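The values are calculated or read from the model by the stated rules, or taken from the named source; none is laboratory data. Keep in mind that what you see is a predicted model, and the values were worked out from it rather than measured. Neighbour counts run over all protein chains shown; Cβ positions are idealised from the backbone, glycine included. Surface accessibility is based on the protein's heavy atoms, side chains included, excluding ligands, DNA and RNA. Shrake-Rupley method; radii C 1.70, N 1.55, O 1.52, S 1.80 Å.
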Amino acid sequence: MKAVHVIEGRAVPLERSDVDTDQIIPSDWLKRVERTGFGRGLFSEWRDDPSFVLNDAQFAGASVLVAGPRFGTGSSREHAVWALMDYGFQAVVAPSFGDIFRNNSSKQGLVIAQLSVSDVEELTSLIREDPARLVVIDVEKMDVEVPATGWVRSFVLDPMTRERLLNGWDDIGLTLRHESDITTFESHSHAPSLRGLFDQSGHLLAR
Amino acid sequence: MTGRTLYEKIWDEHLVAAPEGESSIIYIDLHLVHEVTSPQAFDGLRLSNRRVRRPDLTLATADHNVPTEPLSIPVTDPISRRQLEALEENCAQFGVTVFPRGHENQGIVHVIGPELGVTQPGMTIVCGDSHTSTHGALGALAFGIGTSEVEHVLATQTLPQQRAKTMAVVVEGHAPDSVSAKDIVLAIVSTLGTGGGAGYVIEYRGAAIRDLSMEGRMTLCNMSIEAGARAGLVAVDDTTIEYLRGRAGVPSGDAFEEAARRWRTFVSDDDAAFDKTVTLNAADLVPYVTWGTNPAQVVALDGVVPDPADFDDADEKSTTERSLAYMGLTPGTPIKDIPVDVVFIGSCTNSRIEDLRAAAAVARGQHVAPSVRALVVPGSHRVKIQAETEGLDQVFLAAGFEWREPGCSMCLGMNPDQLAPGQRSASTSNRNFEGRQGRGGRTHLVSPVVAAASAVLGRFATPDEVNS
Ligand code: SF4
């Protein structure tokens, strides 16, 4: 993953709560075996509606999505994160998030900025007032700012997520620094091996 | 020392390393894989020249995408076919056991784990699917992960994790006969709300939970994620041990008794403290149905469609308005006056043999209403064969239900089993999100017996109405 320090761009107010991952990327899109090209599927059922905010030319090219509570609940599909990023979003600001979505975002470098309901409402009105306003999200300082207005709010990232974002660290690499611990653990693990349970073709062997 | 909760016991036993200032690393005992969330993970392994660390702790099945038409009909959608082929190729390349479409062990990933006895108490289990929580019914810590984490587990057999908070959801007393496990969990999700469980692992406790069969507990744990919790657990008891006895993946003879002794330790200690406790009274529960577009929007089957005016909170008011508009419902309409177009009995929530038995008991000697299309999709091949042995397929077919091949099917509509725009379903699945069962489709979540009764009467109904 690429390191992320500061995100600077225009923002889109979604103004919806409980935006689940089935809305972010409908299941039709999950048949693909690639990791790219999901941007076209982002909110695809809502985008057919000409009045949907992403169809508003004022918000074209925005890099920050501002949403209501419980954004990204539901399915574990990382495709939701791929779709948001492929479309051009680098951060999502909302009052709360689905746990798995938040996790998946941290693996891809999509910044999750959690602000209170009233802060999100204020940010939404600032953008509504002037959609051209720049929003700046600083991962190092952990704040969201609308520089033209002096509006700044801080958010919290857990220290590890912040480090990983700032350094662009790959999780597998980080874990493999502890490979000897894994090997030691395996010597006394209770994990029941499936070896001997199935034959080559997955049929149960008599035991 | 104060006692530990079940969650804490499993966590402690799987802690590989707790490096200062970093996430803890926990060991994963079983990694379940399916075609939808794995291709990009296997690609990642290839790109970085990594292997699957423990193919013997990894098991794959095709489920999300498979058509449920007779096996003689090939997979016609080329993108789906490509994904199913990719699963087989990846598993062959990396030495992972896989059950493709038509295999005798194939089925929905959360149905086959317990069924084969590879889901066992005290284990850590992950899968690139949020309903992995199902396996918690057996006292295993089981949760859904995204594709990057799938790759991480394939490569390292571990996951970086932060310890969750613990919540006890206690259902006291005994549920009336008309109340199924599905009704209990709909009541819980409605009480907690879609975000109420976020950050927690839930342990379901109380007499009404202990009364449930193992399959009922699976239905319950399955929907933990609908309350925002990544995992749900039920402590091990006699029901758990008896369910496991004789299954393919568990030891036999003395070795089973020895394993059972260890499994029985996977209960919360009496003096263990939970971060939060929520209590429900089972005697208050009734059959439920969802009316909206998130699974916490629940109402009694005897009730009416809610009115946005009943909500004080502005956010809830607008959510309700939006949901009702999508669902095409008018406030105040009695639920039992609402006609259904499609009935779906299936999904990892309710497609096991007990679910099919319960639905068949309602359907026996009846007929599906002429305006209704009704599908029964068993959770696995083994469930299908068991049901056929018991003659349940004939009961369903005689009553005008379709009897199909196993898979996720209309739970998420990735295969051809979909709702048409505007169609309304009574579905035994777990998500009523907009478009979940097909673009523009309107989903109402119900138990298997309510689904069967609604199929017969062509509107939402309870089983007692069918026989009266
Ligand atoms: S049946 Fe539905 S919820 Fe269960 S694994 Fe399949 S798609 Fe997911």
If we scan the range B:167-187, do we find a residue that is surrounded by fewer than 24 Cβ atoms within 10 Å (Cβ to Cβ), touching a strand residue (DSSP E or B) at 6+ places or on another chain (Cβ under 7 Å), more than 8 Å from chain A (Cβ to nearest Cβ) and assigned to a helix (DSSP H, G or I)?
yes
Tell me, yes or no, whether the range A:102-114 has at least one residue that is closer than 19 Å to B:I225 by Cα and in contact with a strand residue (DSSP E or B) (Cβ under 8 Å, 6 or more places away or on another chain).
yes
Hey, B:P406 hits all of (1) without any contact (Cβ under 8 Å) to a residue 24 or more places away in the chain; (2) in contact with a Pro (Cβ under 9 Å, 6 or more places away or on another chain) but one; which does it fall short on?
(1)
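Conditions tested, residue by residue: (1) modelled with pLDDT under 95; (2) of a type in the set (G, A, S); (3) more than 25 Å from the chain's Cα centre (by Cα).
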position	(1), (2), (3)
B:D310	yes, no, yes
B:G328	no, yes, yes
B:I338	no, no, yes
B:E354	no, no, no
B:G365	no, yes, yes
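If I filter the range B:4-26 down to residues being more than 21 Å from A:G173 (Cβ to Cβ) and not in a helix (DSSP H, G or I), which single residue comes out as nearest to the other protein chains (Cβ to nearest Cβ)?
B:R4
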Matching helices (runs of 4 or more DSSP H) fully within the range B:349-465 where at least 2 residues are within 16 Å of the ligand (Cβ to nearest atom):
B:353-363, B:381-389, B:448-457
Scan of the range A:81-93 for residues that are crowded, with 23+ Cβ neighbours inside 10 Å, touching a strand residue (DSSP E or B) at 6+ places or on another chain (Cβ under 9 Å) and free of Cβ contacts under 8 Å to residues at least 60 places away in the same chain, ordered by number:
A:V92
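For residues that are more than 10 Å from chain B (Cβ to nearest Cβ) and either in contact with a helix residue (DSSP H, G or I) (Cβ under 7 Å, 6 or more places away or on another chain) or buried (at least 24 other Cβ atoms within 10 Å of the Cβ) (or both), tally how many sit in the range A:94-114. Talk me through it step by step, then tell me what you get.
Filtering the range A:94-114 down to residues more than 10 Å from chain B (Cβ to nearest Cβ) leaves A:94, A:109-114.
Still in the list and also either in contact with a helix residue (DSSP H, G or I) (Cβ under 7 Å, 6 or more places away or on another chain) or buried (at least 24 other Cβ atoms within 10 Å of the Cβ) (or both): A:94, A:109-113.
Of the residues in the range A:94-114, 6 are more than 10 Å from chain B (Cβ to nearest Cβ) and either in contact with a helix residue (DSSP H, G or I) (Cβ under 7 Å, 6 or more places away or on another chain) or buried (at least 24 other Cβ atoms within 10 Å of the Cβ) (or both).
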Residues being open to solvent by less than 10 Å² (accessible area, probe 1.4 Å) and under 29 Å from B:S351 (Cα atoms) - total across the range B:41-66:
10
Being more than 19 Å from the chain's Cα centre (by Cα) and open to solvent by less than 30 Å² (accessible area, probe 1.4 Å) is the filter here; which residues of the range A:1-32 pass it?
A:K31
Based on this model, can you work out whether B:E242 counts as over 18 Å from B:L212 (Cβ atoms), away from chain A (no Cβ under 12 Å) and surrounded by fewer than 17 Cβ atoms within 10 Å (Cβ to Cβ)?
no
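Take B:P295 and tell me if it is within 13 Å of chain A (Cβ to nearest Cβ) and assigned to a loop (DSSP other than H, G, I, E, B). Explain how you work it out, then say what you get.
Numbers: within 13 Å of chain A (Cβ to nearest Cβ): yes; assigned to a loop (DSSP other than H, G, I, E, B): yes.
Yes; evaluated as a whole, the condition is true for this residue.
Tell me whether the range A:199-207 contains one or more residues that are free of Cβ contacts under 8 Å to residues at least 12 places away in the same chain and surrounded by 18 or more Cβ atoms within 10 Å (Cβ to Cβ).
Of the range A:199-207, the ones free of Cβ contacts under 8 Å to residues at least 12 places away in the same chain are A:199-207.
Then drop every residue that is not surrounded by 18 or more Cβ atoms within 10 Å (Cβ to Cβ), which leaves A:202.
So far as the range A:199-207 goes, yes, one or more of its residues are free of Cβ contacts under 8 Å to residues at least 12 places away in the same chain and surrounded by 18 or more Cβ atoms within 10 Å (Cβ to Cβ).
Among the residues of the range A:172-184, count how many are part of a helix (DSSP H, G or I), surrounded by 12 or more Cβ atoms within 10 Å (Cβ to Cβ) and not β-branched (V, I, T).
Residues that pass the stated criteria total 4.
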Somewhere in the range B:4-20, is a residue on the phi < 0 side of the Ramachandran plot, touching a strand residue (DSSP E or B) at 6+ places or on another chain (Cβ under 7 Å) and within 15 Å of the ligand (Cβ to nearest atom)?
no
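Condition first: under 26 Å from B:N430 (Cβ atoms), in a helix (DSSP H, G or I), at pLDDT 95 or above and not basic (K, R). Can you find one or more residues in the range B:256-274 that meet it?
Keep residues of the range B:256-274 that are under 26 Å from B:N430 (Cβ atoms), which gives B:266, B:268, B:274.
Among the residues that remain, those that are also in a helix (DSSP H, G or I) are: none.
No - not one qualifying residue is present in the range B:256-274.
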Within the range B:119-133, is even one residue of a type in the set (D, E), in contact with a strand residue (DSSP E or B) (Cβ under 8 Å, 6 or more places away or on another chain), open to solvent by 10 Å² or more (accessible area, probe 1.4 Å) and within 9 Å of chain A (Cβ to nearest Cβ)?
yes
Could you go through the range B:101-114 and let me know if any residue there is more than 17 Å from the chain's Cα centre (by Cα), open to solvent by 10 Å² or more (accessible area, probe 1.4 Å), modelled with pLDDT of 95 or more and within 16 Å of the ligand (Cβ to nearest atom).
yes
Any idea how many residues of the range B:138-156 are within 14 Å of the ligand (Cβ to nearest atom) and over 17 Å from B:P39 (Cα atoms)?
2
How many of the residues in the range B:269-299 are within 23 Å of B:V340 (Cβ to Cβ) and open to solvent by less than 30 Å² (accessible area, probe 1.4 Å)?
13
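Residues that are within 16 Å of the chain's Cα centre (by Cα) and not aliphatic (A, V, I, L, M): does the range B:449-466 have at least one? So that I can check it myself, show each step before the final result.
At the first step, the residues of the range B:449-466 found to be within 16 Å of the chain's Cα centre (by Cα) are none.
Within the range B:449-466 (the criterion being within 16 Å of the chain's Cα centre (by Cα) and not aliphatic (A, V, I, L, M)), the answer is no, since none of the residues qualifies.
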By residue number, the members of the range A:123-142 that are over 24 Å from A:A57 (Cβ atoms), open to solvent by 70 Å² or more (accessible area, probe 1.4 Å) and of a type in the set (D, E) are A:E140
Exactly one condition in (1) more than 12 Å from chain A (Cβ to nearest Cβ); (2) in contact with a helix residue (DSSP H, G or I) (Cβ under 6 Å, 6 or more places away or on another chain); (3) on the phi < 0 side of the Ramachandran plot is not met by B:A207; state its number.
(2)
Within the set of pairs 6 or more residues apart or between chains, which connect a residue that is without any contact (Cβ under 8 Å) to a residue 40 or more places away in the chain inside the range A:5-17 to a residue that is open to solvent by 20 Å² or more (accessible area, probe 1.4 Å) and outside any strand (DSSP E or B) with Cβ atoms less than 9 Å apart?
none
Residue check, A:S187 against (1) exposed (fewer than 13 other Cβ atoms within 10 Å of the Cβ); (2) at the interface with another protein chain (Cβ under 7 Å from one of its Cβ atoms), all met but one. Which one?
(2)
For the range A:143-164, which residues satisfy the criterion of being open to solvent by less than 40 Å² (accessible area, probe 1.4 Å), modelled with pLDDT of 95 or more and hydrophobic (A, V, I, L, M, F, W, C)?
A:V144, A:V146, A:W151, A:F155, A:L157
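From the list B:R382, B:R436, pick out the single residue that is of a type outside the set (G, A, S) and either over 23 Å from B:L186 (Cβ atoms) or in contact with a His (Cβ under 9 Å, 6 or more places away or on another chain) (or both). Before the answer, list the steps.
Numbers: B:R436 fails: either over 23 Å from B:L186 (Cβ atoms) or in contact with a His (Cβ under 9 Å, 6 or more places away or on another chain) (or both).
The unique qualifying residue is B:R382.
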